[in-house]
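Working notes, structure below.
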Amino acid sequence: MKISLTDAGKRFNRDWIFRHLTYEFSEGQSYAIIGPNGSGKSTLLQVLSGGMQLNEGNTQYSILNTECSIEEVFQKISIAAPYLEVVEEMTLIEFLNFHHQFKPFLPSINSEEIIRLLDLENAAHKQIRNYSSGMKQRVKLAQAIFSDVPVVLLDEPCTNLDDAGVTLYNKLIEDYCKKRMVIVSSNDHHEYEFCKEKLNISNWK
């Protein structure tokens, strides 16, 4: 998939978050959206996900030079972000099986294997609401990274993770994201040091 922004602008009330942004995100490449807190990184990521509309300009999604409708985009993109919650009333195994109905997992990956990779076997049948913040973040990353989609969007992916969680994050990126488009929104270089391209949102104010 390719994502193209043309003269894109987003504002809240009278304040422009970014404006006149023209940029192309190419298939299989890794990108970091960087900038200070409050600069609009998460807003841009939500625009790229199709979950937020621009105030000016346009966003185009295409596969093999064929434009995708916004309805198709949902099936091609996964996202993990602090403001997106998992279903806490479900157990982990229930949540993963539920998620799989909407976005199948990568080939040869199932719910049990994901739980093993997350090192959460002992919590597989506990309700997610009883998880620590770090455990919940592992689940958020898993539902995004293990979805069989060409585009993975990650907003502050190491939020609430301890050292072991950060190591896990880097391993998941290395093992499962090499051939996919990955876009990371962050101001922590440890979260995006693998990214080949960097886009500083402050350049489009």
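Past the 18 Å Cα-Cα mark, which pairs from K76/K103; K76/K126; K103/K126? From K76/K103; K76/K126; K103/K126, over 18 Å: K76/K126; K103/K126. Between their Cα atoms, which of K2/K205; K10/K178; K2/K198; K136/K205; K41/K136 are more than 26 Å away from each other? Flagged as over cut-off: K10/K178; K136/K205. For the chain, the longest principal axis of the Cα atoms and the long axis of helix 163-176 meet at an angle of about 70 degrees. Count Lys and Arg as plus one, Asp and Glu as minus one, and take only other residues whose Cβ is under 10 Å from that of P150; the net charge is then +2. With θ taken as phi - 60° and the Karplus curve 6.51 cos²θ - 1.76 cosθ + 1.60 applied, the whole-hertz 3J(HN,Hα) list for the stretch 109-119 is 10, 10, 4, 5, 5, 4, 4, 5, 5, 7, 6 Hz, x standing for glycine and proline.
Let me have the relative contact order for the stretch 74-144, percent, based on Cα pairs under 8 Å that are six or more residues apart.
On the way: 53 pairs, mean separation 36.4, N = 71.
That works out to 51 percent.
On average over all directions, what projected area in square nanometres does the stretch 93-190 have, based on the convex hull of its Cα atoms?
That works out to 6.1 nm², a quarter of the Cα hull's surface.
Using only DSSP helix segments of four residues or longer, with each worth -39500 (n - 2.57), what per-residue ellipticity at 222 nm results for the chain after dividing by its residue count and rounding to 500?
Values: 7 runs with 65 residues, N = 205.
Value at 222 nm, helices only, nearest 500: -9000 deg cm²/dmol.
Dividing the mean sequence gap of close Cα pairs (under 8 Å, 6+ apart) by how many residues the stretch 2-204 holds gives a relative contact order of 32 percent.
Among S30, S69, S132, S147, the ranking by other beta carbons within 10 Å of each residue's beta carbon, starting with the fewest, stands as S69, S132, S30, S147. Taking amide hydrogens as placed 1.01 Å from N in the peptide plane, the amide H of S30 sits under 5 Å from those of V182, K196, E197, each at least 5 positions away in sequence or on another chain. Relative to the longest principal axis of the chain, what angle (0 to 90°, nearest 10) does the C-alpha long axis of helix 92-102 take? Helix 92-102 and the main axis of the chain meet at about 40 degrees. The order of the peptides 42-54, 155-167 by mean Cβ neighbours within 10 Å, most packed first, is 42-54, 155-167.
Loop-located GluC sites (Glu not before Pro) in the stretch 1-108 (DSSP state other than H, G, I, E, B) with a sparse environment of at most 14 neighbouring Cβ atoms within 10 Å: E85, E88, E89. As I understand it, the value is the acute angle between the Cα axis of helix 133-145 and the longest principal axis of the Cα atoms of the chain; what does it come to in degrees, rounded to 10? Result, in degrees: 70. Residues whose amide H lies under 5 Å from that of N200, counting only those 5 or more places away or on a different chain, are I34; hydrogens are built 1.01 Å from N in the peptide plane. Of all DSSP bridge pairs formed entirely within the stretch 2-204, close to 50 percent run antiparallel.
On a per residue basis, the convex hull of the C-alpha atoms belonging to the chain measures out at 121 Å³.
Among the trypsin sites (Lys or Arg not before Pro) found in the stretch 118-163, those both in a DSSP coil and sparsely packed, with 15 or fewer other Cβ atoms within 10 Å of their Cβ, are K126.
Bear in mind these aren't lab numbers, they're just calculated from the coordinates by the rules spelled out. Bear in mind the structure is a predicted one, so any value in this text is a computation, not a measurement. Cβ coordinates were reconstructed from backbone atoms using ideal geometry, including for glycine residues, and neighbour counts include every protein chain displayed.
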